[in-house]
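Inspection log for the structure reproduced underneath, given as structure tokens.
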Amino acid sequence: MEELSNVTVINRLTCATLEGVNAKIIEVEATFTKGLPGFTVVGLASSDIQEAKERVKSALLTNQFTFPPLKITINLSPSDLKKSGTHFDLSLALLIALNKQTFIQEGLFVFGELGLDGKVKSSSMLFPLVLSLKEQGLISKAIVPREVIAYLSYISGVDFVPVDTLAEAISVIKNEALSSAIEHFSYDAKSLSLDGKEYYFDDRFERDFADVKGQPIAKRASLIAAAGMHNFLMEGSPGCGKSMIAKRLRSILPPLDEKEILSIAKHQFLDGMLPNFKALRPIRSPHHTATSASVFGGGSNQAKIGEVALAHNGILFFDELPHFSKQVLEALREPLQDRKVHIARVNAKIAYESDIMFVAAMNPCPCGNLLSKNKACRCNEAEIKRYQNRLSDPFLDRIDLFVTMQEVSSEDRADVSSLSMHSSVIKAFKAQKSRNQSKLNGKLNEEDIEKFCLLSNEAKNILDSAISRFGLTHRSIASIKKVARTIADLEENEQITKSDLLEALSYRRRK
């Protein structure tokens with residue numbers, strides 16, 4: 001009994017760590033034992049947490065707090081989970097500063113890095129941490145650095161108590177002043193309310209489809225691809241406008257809900273970028289010399305985020321498609337099918353969300369002049385075949401729309417603007433949501449295709465004929481139905497009609 005009286009168990013505080021992209025709750029607890037003074041952190045703490053001991057000591061001593069002359073042991077529970085991040089500093093310092101007081105803070109999370117002078121600083125992992133906890137329904141209130149409120153205020157449903165210094169955080173804990181006066185941010189964008197849910201979009205077009213002269217078929221295919229978030233491949237001679245169309249697609253994509261905007265921001269934080277939280281889907285266009293690790297993510301010790309995951313909820317654009325390595329193209333099949341990127345390393349196995357719209361552009365041959373009426377092709381048949389064979393059938397089977405573009409003509413004129421195309425996309429978006437679709441047409445699974453892609457009798461007969469004539473695969477049939485469903489939405493047809501299906505068939509790949 002005498003031994004037990006020498007040990008005081010201090011109140012616990014709650015923090016969290018990232019395991020891959022998901023947050024795990026960590027309980028921070030401390031004991032103060034009579035004996036040789038020391039400060040130990042246990043529980044699989046990484047080097048940045050071990051370094052926190054010096055920051056905590058300095059922050060306490062420079063703010064007139066007495067560092068207890070006891071053996072201090074901090075435990076991070078559960079002990080079998082690897083923890084990392086400088087945001088544990090504030091929890092450690094609060095437990096030591098309040099070691100002689102009793103307090104109960106159920107459900108309160110504490111985050112913050114400490115400066116040597118006691119200033120509470122932000123950490124790049126705070127936004128992904130808090131957002132992941134919110135998505136799991138694990139957090140309702142938290143003490144956070146004031147400087148990160150500009151970003152955290154985008155997350156609704158959590159009461160944040162911002163603090164500037166360690167002394168201020170101690171005052172908050174002592175007085176239980178947990179009411180937050182922070183106003184949650186409202187998006188600087190136009191909104192659309194459907195069934196009580198808000199969707200946001202930006203109709204300020206930095207790049208306009210009015211700049212694209214001619215190419216009516218490609219622009220029609222672009223509209224269909226945008227309205228349903230379908231994968232899209234353009235083939236044509238150099239300079240015919242493939243890249244121009246791809247870069248303008250971003251501005252006419254469907255609206256985003258709050259969850260999608262925050263998910264995009266989360267991936268940008270994980271990449272070390274500061275997001276702007278605009279209601280604008282991302283576009284990523286890696287160069288064809290990019291390595292597999294940079295495209296999909298990876299690293300020797302830590303599986304970092306790659307271009308595919310950074311394009312989540314937006315566009316991944318591959319220009320000069322056949323010049324990408326075979327390894328990259330074949331590995332892309334998995335995220336195009338499963339909407340996730342799986343990275344396996346010795347120290348971690350991580351799955352990043354990658355619900356992307358894949359857009360690609362390619363020349364018809366190595367020199368680019370195969371389809372030209374004015375220039376002679378310099379490639380022989382073997383070179384053309386080798387160039388085109390770099391794209392496998394299983395990879396191409398995952399692309400919904402194929403368009404062959406014509407050369408630029410002096411007679412070409414602008415016939416459509418981004419504003420009018422976006423208005424059509426909004427109309428199709430409303431039609432999809434009115435059917436209670438959780439996903440847009442291009443992302444429907446097989447069960448949803450049977451439920452939402454209903455064909456008229458004429459359309460069924462045409463599809464049956466196409467299946468037997470062209471030897472369509474199961475995936476090709478699903479793709480044609482999804483494209484036809486989007487065309488029907490643009491034309492305001494409840495069922496997929498004969499004309500909708502015929503147009504969808506016109507965009508299939510010619511072997």
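Just give me the residues in the range 455-511 being within 17 Å of ALA226 (Cβ to Cβ) and aliphatic (A, V, I, L, M), in sequence order.
Within the range 455-511, VAL483, ALA484, ILE487, ALA488, LEU490, ALA504 qualify.
Taking only the range 133-150 into account, find how many residues are of a type outside the set (A, V, I, L, M) and surrounded by 21 or more Cβ atoms within 10 Å (Cβ to Cβ).
Total meeting the criteria: 1.
Quick one: would you say PHE88 is among the aromatic types (Phe, Trp, Tyr) and in contact with a Leu (Cβ under 6 Å, 6 or more places away or on another chain)?
Considered against the rule, which asks whether it is among the aromatic types (Phe, Trp, Tyr) and in contact with a Leu (Cβ under 6 Å, 6 or more places away or on another chain), PHE88 comes out as no.
Out of the range 214-224, which residues are modelled with pLDDT of 90 or more and not polar (S, T, N, Q)?
PRO216, ILE217, ALA218, LYS219, ARG220, ALA221, LEU223, ILE224
List pairs: first residue in the range 308-325 and under 18 Å from GLU235 (Cα atoms), second residue assigned to a helix (DSSP H, G or I) and among the aromatic types (Phe, Trp, Tyr) anywhere in the structure, Cβ distance under 8 angstrom, at least six positions apart or on different chains.
From the range 308-325, the pairs are PRO322/TYR387.
So SER468 ticks every box in (1) in contact with a helix residue (DSSP H, G or I) (Cβ under 9 Å, 6 or more places away or on another chain); (2) free of Cβ contacts under 8 Å to residues at least 12 places away in the same chain; (3) among the small types (Gly, Ala, Ser) but one. Which box is left unticked?
SER468 satisfies all of (1) in contact with a helix residue (DSSP H, G or I) (Cβ under 9 Å, 6 or more places away or on another chain); (2) free of Cβ contacts under 8 Å to residues at least 12 places away in the same chain; (3) among the small types (Gly, Ala, Ser) except (1).
For the range 97-111, does any single residue satisfy the condition of being more than 21 Å from GLU168 (Cβ to Cβ) and either aliphatic (A, V, I, L, M) or at pLDDT 90 or above (or both)?
Checked against the condition, which is being more than 21 Å from GLU168 (Cβ to Cβ) and either aliphatic (A, V, I, L, M) or at pLDDT 90 or above (or both), the range 97-111 yields no hits at all.
Within the range 19-29, restricting attention to residues that are surrounded by 17 or more Cβ atoms within 10 Å (Cβ to Cβ) and at pLDDT 90 or above, which residue is farthest from SER77 (Cα to Cα)?
ALA23
Looking at the range 338-352, can you tell me whether even one residue there is of a type in the set (Asp, Glu), under 22 Å from LEU440 (Cα atoms) and surrounded by 15 or more Cβ atoms within 10 Å (Cβ to Cβ)?
No, the range 338-352 contains no residue that is of a type in the set (Asp, Glu), under 22 Å from LEU440 (Cα atoms) and surrounded by 15 or more Cβ atoms within 10 Å (Cβ to Cβ).
Please indicate, with yes or no, whether at least one residue in the range 177-184 is surrounded by fewer than 22 Cβ atoms within 10 Å (Cβ to Cβ) and under 30 Å from ARG508 (Cα atoms).
Scanning the range 177-184, I find no residue that is surrounded by fewer than 22 Cβ atoms within 10 Å (Cβ to Cβ) and under 30 Å from ARG508 (Cα atoms), so the answer is no.
Given (1) in a helix (DSSP H, G or I); (2) more than 27 Å from LYS259 (Cα to Cα), identify the lone condition not met by LEU472.
Failing condition for LEU472: (1).
Of these, PHE65, PHE88, which one is over 16 Å from GLN50 (Cα atoms) and either without any contact (Cβ under 8 Å) to a residue 24 or more places away in the chain or hydrophobic (A, V, I, L, M, F, W, C) (or both)?
Exactly one of PHE65, PHE88 is over 16 Å from GLN50 (Cα atoms) and either without any contact (Cβ under 8 Å) to a residue 24 or more places away in the chain or hydrophobic (A, V, I, L, M, F, W, C) (or both), namely PHE65.
Might you let me know whether the range 253-271 holds any residue that is farther than 30 Å from ILE155 by Cβ, of a type outside the set (Phe, Trp, Tyr) and touching a residue at least 40 places away in the same chain (Cβ under 8 Å)?
no
Please give the number of the condition LEU371 fails out of (1) within 29 Å of ASP257 (Cα to Cα); (2) modelled with pLDDT under 95; (3) touching a strand residue (DSSP E or B) at 6+ places or on another chain (Cβ under 9 Å).
Answer for LEU371: the failing condition is (1).
Sort out for me the helices (runs of 4 or more DSSP H) sitting completely within the range 367-437 that have 3 or more residues that are polar (S, T, N, Q) and crowded, with 16+ Cβ neighbours inside 10 Å.
Helices (runs of 4 or more DSSP H) meeting the threshold: 418-434.
Would you mind telling me which numbered condition in (1) without any contact (Cβ under 8 Å) to a residue 40 or more places away in the chain; (2) over 27 Å from ASP397 (Cβ atoms); (3) among the aliphatic types (A, V, I, L, M) ILE245 fails?
(2) is the only condition that ILE245 fails.
Take the conditions among the β-branched types (Val, Ile, Thr), over 21 Å from ALA142 (Cα atoms) and surrounded by fewer than 20 Cβ atoms within 10 Å (Cβ to Cβ) and apply them to THR102. Does it pass?
no
For the range 41-90, which residues satisfy the criterion of being hydroxyl-bearing (Ser, Thr, Tyr) and farther than 21 Å from ASN22 by Cα?
SER58, THR62, THR66, THR73
Which residues, taken from the range 205-242, are among the basic types (Lys, Arg) and either in contact with a strand residue (DSSP E or B) (Cβ under 7 Å, 6 or more places away or on another chain) or touching a residue at least 40 places away in the same chain (Cβ under 8 Å) (or both)?
ARG207, LYS213, LYS219, LYS242
For the range 35-56, which residues satisfy the criterion of being out of contact with any Lys or Arg (no Cβ under 9 Å at 6 or more places or on another chain) and crowded, with 16+ Cβ neighbours inside 10 Å?
ASP48, ALA52, LYS53, ARG55, VAL56
What number of residues in the range 417-435 are more than 15 Å from ASP203 (Cβ to Cβ) and out of contact with any Asp or Glu (no Cβ under 8 Å at 6 or more places or on another chain)?
Looking only at that region, the number is 3.
What are the pairs with Cβ atoms under 6 angstrom where one residue, in the range 485-511, is without any contact (Cβ under 8 Å) to a residue 40 or more places away in the chain and the other, located anywhere, is among the charged types (D, E, K, R)? Sequence gap at least six, or different chains.
Pairs found: ALA488/ASP500.
Out of curiosity, is LEU76 in a helix (DSSP H, G or I) and at pLDDT 90 or above?
no
Filtering the range 255-307 down to residues that are β-branched (Val, Ile, Thr) and crowded, with 16+ Cβ neighbours inside 10 Å, which residue is nearest to the chain's Cα centre (by Cα)?
ILE264
Within the range 211-236, work out how many residues are under 21 Å from PRO286 (Cα atoms) and not in a helix (DSSP H, G or I).
8
The values are calculated or read from the model by the stated rules, or taken from the named source; none is laboratory data. Since this is a predicted model, take the numbers as computed values, not measurements. Every residue, glycine as well, gets a Cβ built from its backbone with ideal geometry; the counts of neighbours run over all protein chains shown.
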